[in-house]
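K.L.:
Below are the structure tokens for one structure; questions will follow.
The values are calculated or read from the model by the stated rules, or taken from the named source; none is laboratory data. Computed from a predicted model, the values in this text were never measured in an experiment. Every residue, glycine as well, gets a Cβ built from its backbone with ideal geometry; the counts of neighbours run over all protein chains shown.
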Amino acid sequence: MILTLTINPAIDRTFITDRLVFEDRTYILESSESAGGRGINASRVIHSFGGPTLALATAGGAAGERFREHLRGAGFPFELVPIASEIRTNLAITDLQGLTVKLNEVGPQLRAEEVEQVEAAVQRHLPGAEWLMLCGSIPPGVPPDFYARLISAARAQGVKTLLDTDGEALRQGIKARPSVVTPNQQEAERLLNLPILTRAGAVAAAAKICEMGAELVVLSLGSRGAVTTSRAATLEVIPPPVEAVCPIGAGDALAAAFVWAMVNHYSEPDALRWAVAAGTASARLPGIRFASLADTREIFERVEVRPASA
């Protein structure tokens, strides 16, 4: 079973507009609302691929009730830890040309006892998990070493971990030696305080992150695929050219597909191909949507893995 944690979930509201311009009106052509957060999205992808998953998240307030109702219609198992405060609402606006603006609230302040309850829920489900995916930002009130503690707890029970976060939670989490970290380019730049201007720069950045403690680094470069570094090899994962419509959620699909493939006993290079294929296929869709297994497989067949050149 693949256990996902979203400690800072959201109601995701998505608007598709005719255009995105300043100081002039824009018309909304389509709108939607769903339960969101990186771990929730990961469980959604894993479930759609036929994989076993359990999504853990927090929920509070009226938005938390809507979040619960959306999850009931999603089809995969979930468990919600109640919190006193209202969970956040995130907005994504995409125009017909593919320009996207993402507006995220910081999230509610969690009490110390609520953080403890989340940690206890993870600990309770670890014995039945093969992988633990720690996904998304941590809200106010959660200590920056929260993910690091869970990575250590998972390792003690033989559970592999994937860390997909940003900022100090990423920095401290890497020190706990997760199995995989999946930063995008901007997250890697913030972590290292260095610009990544070239593919060679991305290779060097992935190597630096690996040296910080991660067993495998999958540095996502959007439409350019990914570079990956482990103690065994440094690889480039190259997707076919496609017309990207909305990149939001593509990184969630990438992380989910990698773990799904590893659970299904694919080799690591093929799991990386599945990861990049899932991100690429989902980026072709409008709004926060995720490609089917069949559409992802079609891209997978055309993804190339090769040794990276420095």
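K.L.:
Taking the range 210-238, which residues are over 17 Å from ALA255 (Cα atoms) and touching a helix residue (DSSP H, G or I) at 6+ places or on another chain (Cβ under 8 Å)?
P.N.:
Listed by number, the residues that qualify are MET212, GLY213, ARG231, THR234.
K.L.:
Return the residue satisfying two criteria in turn: it lies in the range 101-128 and is among the β-branched types (Val, Ile, Thr) and surrounded by fewer than 17 Cβ atoms within 10 Å (Cβ to Cβ), and of such residues it is farthest from ARG19 (Cα to Cα).
P.N.:
This residue is VAL106.
K.L.:
Give the number of residues within the range 123-147 that are in contact with a strand residue (DSSP E or B) (Cβ under 9 Å, 6 or more places away or on another chain) and either among the hydrophobic types (A, V, I, L, M, F, W, C) or within 25 Å of ALA205 (Cβ to Cβ) (or both).
P.N.:
Residues flagged as in contact with a strand residue (DSSP E or B) (Cβ under 9 Å, 6 or more places away or on another chain) and either among the hydrophobic types (A, V, I, L, M, F, W, C) or within 25 Å of ALA205 (Cβ to Cβ) (or both) within the range 123-147 amount to 10.
K.L.:
Within the set of pairs 6 or more residues apart or between chains, which connect a residue that is within 16 Å of VAL217 (Cα to Cα) and without any contact (Cβ under 8 Å) to a residue 40 or more places away in the chain inside the range 273-285 to a residue that is assigned to a helix (DSSP H, G or I) and of a type outside the set (Gly, Ala, Ser) with Cβ atoms less than 8 Å apart?
P.N.:
The qualifying pairs are ARG273/PHE300; TRP274/PHE258; TRP274/TRP260; TRP274/THR296; TRP274/PHE300.
K.L.:
Of everything in the range 1-39, what is β-branched (Val, Ile, Thr) and without any contact (Cβ under 8 Å) to a residue 40 or more places away in the chain? Give them in sequence order.
P.N.:
Quick first cut of the range 1-39, residues β-branched (Val, Ile, Thr) only: 2, 4, 6-7, 11, 14, 16-17, 21, 26, 28.
Result: VAL21, ILE28.
K.L.:
To continue, here is another question. If you scan the range 249-268, which residues turn out to be surrounded by fewer than 24 Cβ atoms within 10 Å (Cβ to Cβ) and within 18 Å of ARG224 (Cβ to Cβ)?
P.N.:
Result: no residue meets the conditions.
K.L.:
When you check VAL21 against the structure, is it surrounded by fewer than 21 Cβ atoms within 10 Å (Cβ to Cβ) and aliphatic (A, V, I, L, M), yes or no?
P.N.:
When the stated conditions are applied, VAL21 passes them.
K.L.:
Among the residues that make up the range 34-45, is at least one of them farther than 30 Å from GLU113 by Cβ, buried (at least 17 other Cβ atoms within 10 Å of the Cβ), touching a helix residue (DSSP H, G or I) at 6+ places or on another chain (Cβ under 9 Å) and not basic (Lys, Arg)?
P.N.:
For the range 34-45, residues farther than 30 Å from GLU113 by Cβ, buried (at least 17 other Cβ atoms within 10 Å of the Cβ), touching a helix residue (DSSP H, G or I) at 6+ places or on another chain (Cβ under 9 Å) and not basic (Lys, Arg): present.
K.L.:
Okay, next question. Please tell me if ARG302 is of a type in the set (Lys, Arg), surrounded by fewer than 17 Cβ atoms within 10 Å (Cβ to Cβ), more than 17 Å from the chain's Cα centre (by Cα) and modelled with pLDDT under 95.
P.N.:
no
K.L.:
Which condition number in (1) touching a Gly at 6+ places or on another chain (Cβ under 9 Å); (2) surrounded by fewer than 24 Cβ atoms within 10 Å (Cβ to Cβ); (3) not polar (S, T, N, Q) is the one that GLY167 fails?
P.N.:
If we test GLY167 against (1) touching a Gly at 6+ places or on another chain (Cβ under 9 Å); (2) surrounded by fewer than 24 Cβ atoms within 10 Å (Cβ to Cβ); (3) not polar (S, T, N, Q), just (1) comes out false.
K.L.:
So which residues in the range 182-211 are of a type outside the set (D, E, K, R), surrounded by fewer than 16 Cβ atoms within 10 Å (Cβ to Cβ) and at pLDDT 95 or above, if there are any at all?
P.N.:
So in the range 182-211, the residues of a type outside the set (D, E, K, R) come out as 182-186, 188, 191-198, 200-207, 209-210.
Subset that is surrounded by fewer than 16 Cβ atoms within 10 Å (Cβ to Cβ): 186, 193-195, 197-198, 200.
Those that are of a type outside the set (D, E, K, R), surrounded by fewer than 16 Cβ atoms within 10 Å (Cβ to Cβ) and at pLDDT 95 or above: GLN186, ASN193, PRO195.
K.L.:
Can you name the residue in the range 129-164 that is of a type in the set (Ser, Thr, Tyr) and surrounded by 24 or more Cβ atoms within 10 Å (Cβ to Cβ) and is also farthest from SER230 (Cα to Cα) among such residues?
P.N.:
Restricting to residues being of a type in the set (Ser, Thr, Tyr) and surrounded by 24 or more Cβ atoms within 10 Å (Cβ to Cβ), the top hit is TYR147.
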